[in-house]
Amino acid sequence: MTLTPTRLEASDWEPLVEILRNELQEYGGLFNLLGQQQDRIIERKPDAVLSINDEIEIQTRTVADLRGRREAFVDDLLVRVEQPAPGSLRKLIPHLPDFVQPLVEALMTDINHMVRRNRHKARQNHLLLSRAVQLTEETLRVLQPENFTRTYGRTGRATLPTRAAAVSRYNAQG
């Protein structure tokens, strides 16, 4: 004898679909901000990069809050259909009406795709920023080599000396 899974009512799954749509929209917003950040990095506009970083931080918190809200909502629904919580949204799909299942699966797929795209874009931006810092350091090493003398500590790690006073080779002696 096969048991039919308990089906959720529209009042149960409609808020879930709305949460998933909002989460997808916010991931899209984060992707756009990461794209703007990349543009500002390439344009070499450090003030604009710092400004967009604040927006990215706010958007990241918004996405995390929505994700937490979705996870809590899914856990509540899993308890209602007598499934163990915490759990995944996948466990809930058999309990949704047949015509809603493809929608929820598509939203899950799109969210996962946006998560991957955001991670990729964030990694690209990190590499661009790392390279910019590296180039700046290399330029400063050429222009001011006395500020970049490396010494080694007891642990064997290379360190830069602390500067007691700014000394320039152009200061007058006498």
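Residues in region 109-128 that are farther than 12 Å from TYR27 by Cα, among the aliphatic types (A, V, I, L, M) and touching a Leu at 6+ places or on another chain (Cβ under 9 Å): ALA122 alone. For LEU8, the requirement of being assigned to a helix (DSSP H, G or I), out of contact with any Phe, Trp or Tyr (no Cβ under 7 Å at 6 or more places or on another chain) and surrounded by 15 or more Cβ atoms within 10 Å (Cβ to Cβ) is not met.
Okay, residues lined up against (1) of a type in the set (S, T, N, Q); (2) under 33 Å from the mean Cα position of the chain (by Cα); (3) modelled with pLDDT of 65 or more; (4) assigned to a helix (DSSP H, G or I):
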| site | (1), (2), (3), (4) |
| --- | --- |
| GLN124 | yes, yes, yes, yes |
| LEU127 | no, yes, yes, yes |
| GLN134 | yes, yes, yes, yes |
| GLU138 | no, yes, yes, yes |
| THR162 | yes, no, no, no |
| ALA166 | no, no, no, no |
| ARG169 | no, no, no, no |
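Within region 93-116, the set of residues being surrounded by 14 or more Cβ atoms within 10 Å (Cβ to Cβ) and under 26 Å from the mean Cα position of the chain (by Cα) comprises LEU103, VAL104, GLU105, LEU107, MET108, ASP110, ILE111, MET114, VAL115.
When LEU89, LEU135, LEU143 are screened for being surrounded by 11 or more Cβ atoms within 10 Å (Cβ to Cβ) and aliphatic (A, V, I, L, M), only LEU89 passes. Selection of region 40-60 for residues being over 17 Å from the mean Cα position of the chain (by Cα), free of Cβ contacts under 8 Å to residues at least 60 places away in the same chain and surrounded by fewer than 18 Cβ atoms within 10 Å (Cβ to Cβ) yields GLU43, LYS45, PRO46, ASP47, ALA48.
The values are calculated or read from the model by the stated rules, or taken from the named source; none is laboratory data. What you see is a predicted model, and the numbers here were worked out from it, not measured in a lab. Note: ideal-geometry Cβ built from the backbone for every residue, glycine included; neighbour counts use all protein chains shown.
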